[in-house]
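Have a look at the structure below before the remarks.
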Amino acid sequence: MIPFSPPRIDDRTVQAVAEALKSGWITTGPRTKEFERRLADYCGTERAIALNSWTNACELVLRWFGVGPGDEVIVPAYTYCATANIVVHVGARPVMVDVLDDFTLDPNDVERAITERTKCIIPVDIGGLPAAVDTIMGLARSTASKFRAASDVQRQLGRILVLSDAAHSFGARIQDRPVGSQADITGYSFHAVKNLTTAEGGALAFALPAPFDAEALYRHFNVMSLHGQSKDALAKTAPGAWRYDVQLAGFKCNMTDLQAAIGLVELDRYENSTLPRRKTIAMRYQGAFQDNERCVVPVLRDNDRESSYHLYMLRIKEASEAQRDRIIERIAEQGVSVNVHFIPLPMLSFYRDLGYRIEDFPKAYKHYSTEISLPIYYDLTDEQVEQVISAVRLAVNEVLS
Ligand SMILES: *Cc1c(COP(=O)(O)O)cnc(C)c1O
């Protein structure tokens with residue numbers, strides 16, 4: 001069976017983790033700090049912080065901004081549940097919008113959805129293709145007069161916060177610059193299936209305008225990810241430096257040095273090895289399916305965006321949801337694992353029970369019901385890529401004939 005998305009783990013990864021284990025320092029420490037510096041370099045921001053998941057990192061952002069009951073946060077209906085779950089966690093209401101043909105959120109729908117209660121917009125770079133973050137930033141600025149600040153941080157920004165969900169798009173580019181410096185804050189995921197992994201993990205890159213200070217933001221998130229304690233474990237090991245204070249009841253979502261050890265290896269070979277291999281596979285699929293009249297191939301690049309090639313999201317034009325499911329079964333019977341990204345949020349029980357209706361998001365439903373994600377990862381061989389292509393062709397022809 002060709003697996004869908006195994007992580008890239010080899011002797012180098014194993015050795016890096018073994019060294020971290022033997023170093024005597026296994027929680028947040030020198031490797032995490034090094035990983036953060038190198039992440040910031042890669043993403044083109046002054047500062048980045050590594051935490052234990054996208055979810056906890058981005059939830060901290062909402063808490064830092066003072067988002068809570070009575071507030072609204074705009075999210076696409078077409079995303080992974082985490083994007084909206086964090087809004088629910090802080091007691092605010094996710095306001096869902098439909099998506100464009102390229103799967104990213106529709107800026108026109110976002111504009112219509114903005115109210116005096118909107119505190120944050122979370123565009124999602126689905127599959128690795130950057131959403132229209134610049135347009136969304138423009139909307140946040142042009143609606144500043146409507147914005148009702150209810151906390152010091154909100155007064156300081158004076159407008160809606162744009163938090164980019166870049167869980168899929170580490171290494172993707174907007175106008176030839178890596179995703180990270182365009183939105184106010186960009187959140188990455190290093191979960192096991194993502195382009196760059198630390199087993200579990202996530203990070204935030206800060207690009208807030210002055211007077212926000214990247215170093216001060218880093219310190220705030222560092223403290224709030226460690227119980228609100230004024231000194232982390234590493235700082236407390238300095239001779240005589242045992243005393244600390246807690247000014248806010250913080251959370252616990254720091255990254256460990258074992259995770260950072262994996263991340264450092266991943267980052268080292270990301271730009272020149274992992275990413276190009278993913279691109280090669282995506283281009284091969286593109287060549288195989290773009291002239292097939294039954295298929296809609298994904299947008300992987302256009303004038304100012306280039307994907308990170310995280311997912312290869314193929315659509316089968318005339319397929320009903322049941323036919324798509326049948327195609328997936330037929331592909332699986334040929335030894336190939338595929339997947340569907342994503343079940344739109346209004347179709348999940350929790351959100352349906354809150355009153356969201358999939359009928360309000362026709363594009364999201366249409367995309368979902370015809371979508372099949374093909375395997376794409378570093379260790380997928382050229383022969384396996386050909387096997388995937390013929391399995392998909394056969395299954396589509398059989399089911400739709
Ligand atoms: C994976 C994913 C997340 C959550 O990332 P975690 O690191 O697992 O918390 C958020 N958004 C999207 C779109 C994702 O695919």
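Which is part of a strand (DSSP E or B) and not aliphatic (A, V, I, L, M), of Ser390, Ser369, Ser373, Ser308?
On the way: Ser390 fails: part of a strand (DSSP E or B); Ser369 fails: part of a strand (DSSP E or B); Ser308 fails: part of a strand (DSSP E or B).
Matching residue, one of Ser390, Ser369, Ser373, Ser308: Ser373.
Picking from Leu51, Leu100, Leu105, which residue would you name as being at pLDDT 95 or above and in contact with a helix residue (DSSP H, G or I) (Cβ under 6 Å, 6 or more places away or on another chain)?
Leu51
From Leu105, Leu51, which residue is within 12 Å of Asp165 (Cβ to Cβ), under 15 Å from the mean Cα position of the chain (by Cα) and crowded, with 17+ Cβ neighbours inside 10 Å?
Unique residue meeting the criteria: Leu105.
Quick check: anything in the range 78-90 within 14 Å of the ligand (Cβ to nearest atom), of a type in the set (Gly, Ala, Ser) and in contact with a helix residue (DSSP H, G or I) (Cβ under 6 Å, 6 or more places away or on another chain)?
yes
Has the range 6-13 got at least one residue that is touching a Ser or Thr at 6+ places or on another chain (Cβ under 6 Å), under 15 Å from Thr198 (Cα atoms) and open to solvent by 10 Å² or more (accessible area, probe 1.4 Å)? Walk me through it before giving the result.
As a first pass, look at the range 6-13 and keep what is touching a Ser or Thr at 6+ places or on another chain (Cβ under 6 Å): 7.
In the following step, the residues that additionally are under 15 Å from Thr198 (Cα atoms) were identified as 7.
Then drop every residue that is not open to solvent by 10 Å² or more (accessible area, probe 1.4 Å), which leaves 7.
Yes, the range 6-13 contains at least one residue that is touching a Ser or Thr at 6+ places or on another chain (Cβ under 6 Å), under 15 Å from Thr198 (Cα atoms) and open to solvent by 10 Å² or more (accessible area, probe 1.4 Å).
Results for (1) under 15 Å from the mean Cα position of the chain (by Cα); (2) more than 24 Å from Gln175 (Cβ to Cβ); (3) not in a loop (DSSP other than H, G, I, E, B), shown as yes or no for each residue.
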{"position": "Arg31", "(1), (2), (3)": "no, yes, yes"}
{"position": "Glu36", "(1), (2), (3)": "no, yes, yes"}
{"position": "Ala40", "(1), (2), (3)": "no, no, yes"}
{"position": "Asn56", "(1), (2), (3)": "yes, yes, yes"}
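Somewhere in the range 37-54, is a residue away from the ligand (no atom under 16 Å from the Cβ), in contact (Cβ under 8 Å) with a residue 40 or more places away in the chain and among the hydroxyl-bearing types (Ser, Thr, Tyr)?
yes
Any idea which residue in the range 154-169 is farthest from the ligand (Cβ to nearest atom), counting only those that are open to solvent by less than 10 Å² (accessible area, probe 1.4 Å) and part of a loop (DSSP other than H, G, I, E, B)?
Across the range 154-169, the extreme among qualifying residues is Ile160.
Could you tell me which residue of the range 187-236 is least open to solvent (accessible area, probe 1.4 Å), considering only residues that are part of a strand (DSSP E or B) and more than 16 Å from the ligand (Cβ to nearest atom)?
That would be Phe206.
Please work out if Val75 is within 13 Å of the ligand (Cβ to nearest atom), over 30 Å from Thr27 (Cα atoms), part of a strand (DSSP E or B) and at pLDDT 95 or above.
On the way: within 13 Å of the ligand (Cβ to nearest atom): yes; over 30 Å from Thr27 (Cα atoms): yes; part of a strand (DSSP E or B): yes; at pLDDT 95 or above: yes.
Judged against the criteria, Val75 is a match.
Take Arg112 and tell me if it is open to solvent by 10 Å² or more (accessible area, probe 1.4 Å), modelled with pLDDT of 95 or more and touching a Lys or Arg at 6+ places or on another chain (Cβ under 9 Å).
No: the conditions fail for Arg112.
Any chance the range 110-121 includes a residue that's touching a residue at least 40 places away in the same chain (Cβ under 8 Å) and within 16 Å of the ligand (Cβ to nearest atom)?
Scanning the range 110-121, I find at least one residue that is touching a residue at least 40 places away in the same chain (Cβ under 8 Å) and within 16 Å of the ligand (Cβ to nearest atom), so the answer is yes.
Name every residue in the range 348-401 that is surrounded by 13 or more Cβ atoms within 10 Å (Cβ to Cβ) and of a type in the set (Val, Ile, Thr), in order of residue number.
Across the range 348-401, the qualifying residues are Ile358, Thr370, Ile372, Ile376, Val385, Val388, Ile389, Val392, Val396, Val399.
Filter the range 16-32 down to residues that are within 13 Å of Gln259 (Cα to Cα), of a type outside the set (A, V, I, L, M) and surrounded by fewer than 17 Cβ atoms within 10 Å (Cβ to Cβ), then give me how many there are. Show your work before the answer.
Residues of the range 16-32 that are within 13 Å of Gln259 (Cα to Cα), as a first pass: 16-21, 25-32.
Still in the list and also of a type outside the set (A, V, I, L, M): 19, 25, 27-32.
Those still in the list that are surrounded by fewer than 17 Cβ atoms within 10 Å (Cβ to Cβ) too: 19, 27, 30.
Residues flagged as within 13 Å of Gln259 (Cα to Cα), of a type outside the set (A, V, I, L, M) and surrounded by fewer than 17 Cβ atoms within 10 Å (Cβ to Cβ) within the range 16-32 amount to 3.
Looking at Val17, is it in a helix (DSSP H, G or I) and of a type in the set (Val, Ile, Thr)?
It is true that Val17 is in a helix (DSSP H, G or I) and of a type in the set (Val, Ile, Thr).
Being surrounded by fewer than 19 Cβ atoms within 10 Å (Cβ to Cβ) and either assigned to a helix (DSSP H, G or I) or under 21 Å from the mean Cα position of the chain (by Cα) (or both) is the filter here, so list the residues in the range 335-347 that pass it.
The answer is Asn339, Val340, Ile343, Met347.
The values are calculated or read from the model by the stated rules, or taken from the named source; none is laboratory data. This is a predicted model, so every value here is computed, not measured. Backbone-built Cβ (ideal geometry, glycine too); neighbour counts: all protein chains shown. Surface accessibility is based on the protein's heavy atoms, side chains included, excluding ligands, DNA and RNA. Shrake-Rupley method; radii C 1.70, N 1.55, O 1.52, S 1.80 Å.
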